[in-house]
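Student: Handing you this structure, nothing more for now.
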Amino acid sequence: MAAPARSAGSLETASRTRATLERTALDRAAAVLERLFAHAPAAALRKVVDEASLAAVTGALSAAVAADPGADPLAGARARGVARRDELLAQAGGALSPAAVAERTGMSRQSVNNWRRKGQLIALPRGRRDFAFPACQFVEDRLVPGLDRVLAASALRHPLSQLEMLLAPSPRMEGASPLALLRAGRVEDAVAVAAASGSALDHEAPAAPRIARA
């Protein structure tokens, strides 16, 4: 059945609503650009004037943040993310490089990368093509037994959220974390806790703060 035609009045109202939304968004965007462009180099601003392109605007914004990191409107959120990452890594006993993981487990770096690609362990981005692995995932020369099942059972895909879930005390397990449960051989209990974790927001979480190379 065809959808009923919209009346002229409803179309006009929708049009006005859209126009108001566009004007408000433009005003807000202009305010943000004004604050950031105050920190942009003259050369970047001239490029915006000459090209009037999205690439030129994006370049000017990046240059502004590089010149004054405090100008980044997300600087506070990024700083909190870095602090939380460092706190979790401290709880996890630090982080291992792919080479260190390979040496510890006796596996090749290719095998370690295969584990990462399959989601069988937690890997935090470090640079563009490198990763750091929280040390708590390993016991002696192998992965903590059952870790792959816990990660598969959880809806969490953001690596920091996965690490937080692994370390967080569970009220339903008398305060034991999934990691503690795994180390105690209680794999099914750990899987049950992991399966109850996660939220729709985390499924599309932004990339975790990258770990600076030493």
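The values are calculated or read from the model by the stated rules, or taken from the named source; none is laboratory data. Note that the coordinates shown come from a computational prediction; the quantities given were computed from them, not determined experimentally. Using ideal geometry, Cβ is built from the backbone for each residue, glycine included, and neighbour counts are taken over all protein chains shown.
Student: Check region 187-194 and report whether any residue there is among the charged types (D, E, K, R) and in contact with a Leu (Cβ under 6 Å, 6 or more places away or on another chain). Step through it out loud before you land on a result.
Tutor: Start the filter on region 187-194 by keeping residues that are among the charged types (D, E, K, R), which leaves 188-189.
Now narrow it down to the ones that are in contact with a Leu (Cβ under 6 Å, 6 or more places away or on another chain): 189.
Yes.
Student: Looking only at residues in region 156-176 that are surrounded by fewer than 20 Cβ atoms within 10 Å (Cβ to Cβ) and among the hydrophobic types (A, V, I, L, M, F, W, C), which one is farthest from Cys136 (Cα to Cα)?
Tutor: Only one residue tops the list, namely Met173.
Student: Does region 169-180 contain at least one residue that is under 26 Å from Glu103 (Cα atoms), of a type in the set (S, T, N, Q) and touching a Leu at 6+ places or on another chain (Cβ under 6 Å)?
Tutor: No - not one qualifying residue is present in region 169-180.
Student: From the list Arg35, Arg28, Arg109, Arg78, which residue is on the phi < 0 side of the Ramachandran plot and modelled with pLDDT of 85 or more?
Tutor: Being on the phi < 0 side of the Ramachandran plot and modelled with pLDDT of 85 or more holds for just one of Arg35, Arg28, Arg109, Arg78, which is Arg109.
Student: Can Ala212 be described as under 24 Å from the mean Cα position of the chain (by Cα), outside the structural domain of Arg80 (by TED's automatic domain parsing) and at pLDDT below 95?
Tutor: yes
Student: Restricting region 131-166 to residues that are of a type in the set (A, V, I, L, M) and not in a helix (DSSP H, G or I), which is farthest from Ala184 (Cα to Cα)? I'd like the intermediate steps shown before the answer.
Tutor: Initially, region 131-166 is screened for residues of a type in the set (A, V, I, L, M), giving 132, 135, 139, 143-144, 147, 150-153, 155-156, 160, 163, 165-166.
Checking the rest, the ones that are also not in a helix (DSSP H, G or I) come to 132, 139, 143-144, 155-156.
Details: Ala132: 25, Val139: 12, Leu143: 14, Val144: 10, Ala155: 23, Leu156: 23 Å.
It comes out as Ala132.
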